[in-house]
Amino acid sequence: MNTKEGAKVNMHKMKPVKLDDLVGEIEMQIDDTLTFINITSGEVITLTREEYSAAEDEKPLDKFPEWQKENIEKAIRIIEDEDEIYVDFTLKNDFNEYEIIEDFIGTLEDGDIREELFEAIQGRGAFRRFKDGIIEHGVDKLWYKYKKSKIKDFVIEWCKDNDIEIQE
């Protein structure tokens, strides 16, 4: 966000965004979705690429099922956002789960488990083998706690960098 954008955003009454909502977006990591934050309402909006493209291409809403129309209308507001109240929070590519898996494995005290999990995450199918391995060794709850903590840290840092106020 440049200084001009920052000045424009500060003209709006900013509402804090719920940290759990942002963490949930990163945890889901659904491909082909875009996520935005409405800084005046604190709402986190997730749209499919299809919905966003329909808004960009100005496709008639009557061609879409009722459940999609609302999201396409939101996409239109985001695209036409002259007041700059929407911030792009599509961070799936910025959050590297593989690195966090490696870091997590390094924290495990049992050398045999560490070695086995490091081997499991090499090559194709690494995520599946890792998940199987943490369940087999009973460290799955530790992993999910570790991962959530790292995602929270990532989101908090991103929000600070983007002048987004969060509510815990």
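Tabulated values for the structure
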read-out: In order through region 50-61: 3J(HN,Hα) via Karplus (6.51 cos²θ - 1.76 cosθ + 1.60), integer Hz, x for Gly, Pro; value: 4, 5, 5, 5, 4, 5, 4, 7, 6, 5, x, 5
read-out: Kirkwood-based Rg to Rh ratio, the chain, C-alpha trace; value: 1.07
read-out: Sites GLU119 and TYR144 - FRET efficiency at Förster radius 22 Å, r taken between beta-carbons, to 0.05; value: 0.55
read-out: Computed label-point distance, nm, for sites ASP163 and LYS15 using a 7 Å Cα→Cβ extension; value: 2.0
read-out: GNM top mover of VAL155, VAL139, VAL87 - the chain, alpha-carbon springs below 10 Å; value: VAL139
read-out: Computed label-point distance, nm, for sites GLU109 and ASP153 using a 7 Å Cα→Cβ extension; value: 2.0
read-out: Between region 95-115 and region 26-82, the alpha-carbon center distance in angstrom; value: 36
read-out: Computed label-point distance, nm, for sites ILE79 and GLU136 using a 7 Å Cα→Cβ extension; value: 4.9
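A short reminder: the numbers here are calculations on the coordinates, not readings from a lab. Since the model is a prediction, treat every value here as computed from it, not as a measurement. Note that each Cβ is placed from the backbone with ideal geometry, even for glycine, and that neighbours are counted across all protein chains shown.
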